1. Within segment B:145-169, which residues are assigned to a loop (DSSP other than H, G, I, E, B), touching a Ser or Thr at 6+ places or on another chain (Cβ under 8 Å) and farther than 30 Å from residue A:230 by Cβ?
2. Can you pull out the residues in segment A:214-229 that are within 7 Å of chain B (Cβ to nearest Cβ), touching a residue at least 24 places away in the same chain (Cβ under 8 Å) and touching a Ser or Thr at 6+ places or on another chain (Cβ under 9 Å)?
3. Output the residue which, of all residues in segment B:616-646 that are more than 9 Å from chain A (Cβ to nearest Cβ), acidic (Asp, Glu) and within 30 Å of residue A:114 (Cα to Cα), is nearest to the chain's Cα centre (by Cα).
4. Residue B:109 fails exactly one of the following numbered conditions: (1) touching a residue at least 24 places away in the same chain (Cβ under 8 Å); (2) buried (at least 19 other Cβ atoms within 10 Å of the Cβ); (3) among the aliphatic types (A, V, I, L, M). What is the number of that condition?
5. Surrounded by 17 or more Cβ atoms within 10 Å (Cβ to Cβ) and under 16 Å from residue B:385 (Cα atoms): is that true of residue B:291 in this structure?
6. Can you name the residue in segment B:504-541 that is surrounded by fewer than 17 Cβ atoms within 10 Å (Cβ to Cβ) and more than 9 Å from chain A (Cβ to nearest Cβ) and, of all such residues, is nearest to the chain's Cα centre (by Cα)?
7. Answer with yes or no whether residue B:482 is touching a His at 6+ places or on another chain (Cβ under 8 Å) and within 30 Å of residue A:204 (Cα to Cα).
Amino acid sequence: MVEIEKLKQELKDLNAKAAGIRDLPVEQRAEFGRKINLERQDLLGKIAAAEKALLDVEVQPIDVTAWSGVNEKMPEFYTTEMGTCHPLMAEMDRVVEIYQLMGFDVMESRQLDDEYHMFDTLNFPKEHPARDGYDTFRTEEGLIPPAHTSTMQHRVLKKYRKQLEERGRLAVVVPGRVFRNEDVDATHEHTFYQCEGVYVSQDCSMGQMLGILREFFEKYYEQKLNIRTQPGYFPFTEPSLEFMIEKPESLGGKKGDYLEMLGCGMIHPNVLKQAGIDPEKYHGFAWGGGIDRLVMLRYGLNDVRMFESGNLNFLREF
Amino acid sequence: MKISLNWLKKYVEVPVSDDELIRLIGSRLVEVEGVIDETHKYDNIYIVRVERAERIPDTHLTLCQINVGDRLVQVVCGAPNVREGMLAVWIAPGAVVPASVHEDVPFVIGKRKMQGYESCGMLAGADELDFGDDHSGIVEIDPDVAAPGDLLADVFELSDLVLEIENKSLTHRPDCFGIIGFAREVAGILGARFNEPNFSSSGLGLSKMSYAGTRAEPSLRDEPVRSGRNIHFQKSKSYYDSENLGSLNIDIKDPSICQRYTAIILEKHGEMKKKYLTWMDTVLSKSGMRPVDRIVDATNYLMLLTGQPLHAFDYDKFVTVGGGDEVEIKVRLARAGEKLTLLDDKEIELNENDIVICSGEVPVALAGAMGGKSTEVDKNTRNIILESATFSLYNLRKTQMAHGIFSEAITRFTKGQPPYQTLAVAEACAEMLADGFRIAAVVDEYPMKAPEVVVKITTSEVNDLLGAEYSKDLIATTLTNVGFGVTIKSERGSKASTESGAEVLEISAPEWRTDIHIKEDIIEEVGRLLGYDNIKPVLPLHGTASRNEMFEFKHEIRDLTSRWGANEVLTYSFVSGRLLAKAGQDTDNSYRIVNSISPELQYVRQSIVPSLLEKAYMNQKLPVDKFAIFEMNKVYRKEWGMNEENVPVEGTRIGCVLAERKNTETAYYKAKKYASELLKSLNVEAEFVPLSHAEIAEAKMFEPKRSAEVLVKGEYVGVVGEFKNSVRSEFKLLPYLAGFELDLDKLLRLRGNEKKIDLREKEKRDLTIETNDTYAELVEKIESVLKDVGAAAEIMPIGIYQPDGSKKKKVSVHLEFAQMTDDVMEKLEKL
């Protein structure tokens, strides 16, 4: 308090001093004015800071070891009806659970990674134009908030290599948040969720991959589904495919209405090799797909931006 | 990329319906993003002959009697080039102007009066027909190709479907960026052998080329002339035949930036044929390009056909710029500081990654991207240099990004066009211009030819990976249909030779398939061409999954907290510098995104709560009267450094903020209840003590006088409390506001293994004590008494009451005794 009074007095004095500019010879006025102005800015800054600090000075302390305020009721939780889980997180739990029932371990994805995991270990040649397709963000240090959960593939393969040798099989799903530098609209978000799957064994085939994916979608949407594929291109799988399901009638689909759900393919031998797995002995398949789209279809939502909006009018519906 | 089905069908016989063809392309070649239906775009549009044309006095209009095949019709035409005897295109009354078919309200032509004369329909210009932007006059039709009354759509095959192809899924297939390559795949998908067309007529026989103009002019309405065969020079080869033009020298500084460079000098020997509307104009338009002039159109057409981009320089300008009197083409990397003015008049500053084409030492074109202004072909051009070359996709990719050039040509080059056809395509181009130009010189510089790729694979390797049962013959046919060479060898002496099916397929990739290297590439071809959808889905046997503790931990927390009325939210991982400052966090401690979408998303966040405070403000404004929002997510701080993988250490946090519009009680205690009950339910034994770690990033925004830090086994795991008034006012939030942030990694590590279950009968008592102690101090005193008398009890708070005017508080607690002594209550009441 005293501090602020003092500063305000100083400002008053300074203003009085400034009035004296008229008594100075013309050639000195500019320099004088400049000096006064600097001092004034400095003082105003100090006063603002002091006033802000004052906000925090006048605070009444409380007994933080107690469980209620003096003469106040014991605090209570809000009612259960008010509470909700985020739809993306609740659905991600379901997605993961279905894969767990099929024997897949879970490993969560990182949210800040590097070029090595995002591209190098996934058989993207250095400087290859395919790297541009991912519209990645970058930090000053060259780190990358991953644009796909495949950024974890190399880690999965290395971590489970031993299990692969012991049990002849490796099966892991990787849920996580990913980032793309693109304009946001009703169907595009720069921040969204994906779930990756990685499966390696000595005798695995594309038929098995299609089997697992069909099983997953049928369990998730709780009905029989028609599936279809189309060729795709990813440097880290060979062959590469896009996996589609026919939009179920119960979710507003009609015959022949196919939706792209994820990208998948047989893991490229270079990716296995780089993780220390012998591609002559083992083969694998992997897939990755957006969770946001999956959930939007399930609930008939049409604006992906609502997920990260924090808007309780939306979230309390779930 | 746009693919006209009519054009495609010139190269491949399609025995199935269009719908089925499109479905097959979608499921076995590439994603078809859309289909533009042009089957009725040119309905009721006819070829007509202008029989009489009389100028209407004092106007620019001409009154025409046109022969529409079976009768004469009167049309008023405003075009300057209308004349008697010409064949023109007539849009009949009731027809839609083709350029307007995709507009909201398509323009329908009618009968109307102009200057008192009835005009029935209209004679169309190229722009109205959607064949380019030319509005200078009406189009004229070659009388050799059509007669009055013919439907325009029949003459030029305009009843068509045009596929819109998603380029991304062909990133590795440069060969499919031309109609021929696309058609080859379609043949393969249909199970038919592809007949390689020869778009170049000359082949090795350069001497047969029509440089004297004696050859018949190629008819552009028909397919490109087919004869001869493609040629490949392994080394530089040249050919000259001109008395007027000097020699040509090509100097590739580094074969890794330019694998092959073919140049043909064309010498003007006559005026080019008058421009009728041609079939080529229509395919250029359907493919998304615009007809411009004969030279540009020929280069564009061949690029669309073969995938090989071409460029034309003005020969005389090229020589002048270089300062010599002969053509010296140099292909090199640009030097820093060099500048180049491009065809679009923009001057760009070149960087050391850009490949430039130089005349002598002077850059005249940005290789693969765009030609330069100084050598632009214009209407005074006498002689031209045709360039047909390939360049490093890596360099061009950077050039594309650095200069923002996204042309059809660079799109193809950045897929890595193979070098095998540069000469053939250049020759085809020369031939298309043969009525105006003859070949003066051909030089082909091909310093480094890639070796042929041969892959050995067995039938079972193909079938095992796909989960299919394709026969050796089917596999071989499938591959040879699209140009692979297949030899079947039985490997004697090999381990597998005793088994049946030990035959090895030795597969050589055609020279346009730069993407074939390993067995899996071959398996992809077989699986794709035969249809992945024909593979039977099966489920492998599986084992049991292991638990992921953190994932389950979060699931448990989500479950509990939402059951207690809180709402889970998700907020962005990237925040603004302003938000960090509001929360008292140092921007230097955050990883900064250099290519952020906006300043709002510039820093990787250090903690969760600041994002929640922003959302609290938004919700309070909605308005939502009361809420507790929480989020579990990852945070990063530079001060945490790198982990053993040399990527930043990450933290998993839960943040929670609760706010109400009207409550006047102390928000801290509600936040503490959420935090403490959560910890208790998770089997984490925690203490809440006055905040002493105020310097930690997430604690900086909390008011130390009204916040506690949470300790587990003496270790700091987070903070709970109210926010500084200064922070609250920055976020414009109402007074009832509190929150917490806890470190989930630590909680998971520190949580107890098992829940204690105590089934003993308990004596229950309430106790009220008048005191000035804090609650913790009081509890300590109670515990000390219990210890002294040998009793044990759980102490639970009931409330704190301070009557008006009283100096002391009355603190009530509830005691549940597991072990009680006779004197314990008496002693406690004396406290």
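1. B:156
2. Once the filter is applied, which keeps residues that are within 7 Å of chain B (Cβ to nearest Cβ), touching a residue at least 24 places away in the same chain (Cβ under 8 Å) and touching a Ser or Thr at 6+ places or on another chain (Cβ under 9 Å), segment A:214-229 yields only A:228.
3. Taking the candidates together, the pick is B:644.
4. So residue B:109 meets the others, but not (1).
5. Values: surrounded by 17 or more Cβ atoms within 10 Å (Cβ to Cβ): yes; under 16 Å from residue B:385 (Cα atoms): no.
Taking the combined requirement at face value, the residue does not satisfy it.
6. For segment B:504-541, the residue satisfying everything is B:517.
7. No, not satisfied.
Residue-wise test of (1) aliphatic (A, V, I, L, M); (2) surrounded by 13 or more Cβ atoms within 10 Å (Cβ to Cβ); (3) within 14 Å of chain A (Cβ to nearest Cβ).
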position: B:22; (1), (2), (3): yes, yes, yes
position: B:67; (1), (2), (3): no, yes, no
position: B:74; (1), (2), (3): no, yes, no
position: B:81; (1), (2), (3): no, yes, no
position: B:89; (1), (2), (3): yes, yes, no
position: B:95; (1), (2), (3): yes, yes, no
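The values are calculated or read from the model by the stated rules, or taken from the named source; none is laboratory data. The structure displayed is predicted, hence computed values, not measured ones. Note that we place each Cβ from the backbone using ideal geometry, even for glycine, and neighbour counts take in every protein chain shown.
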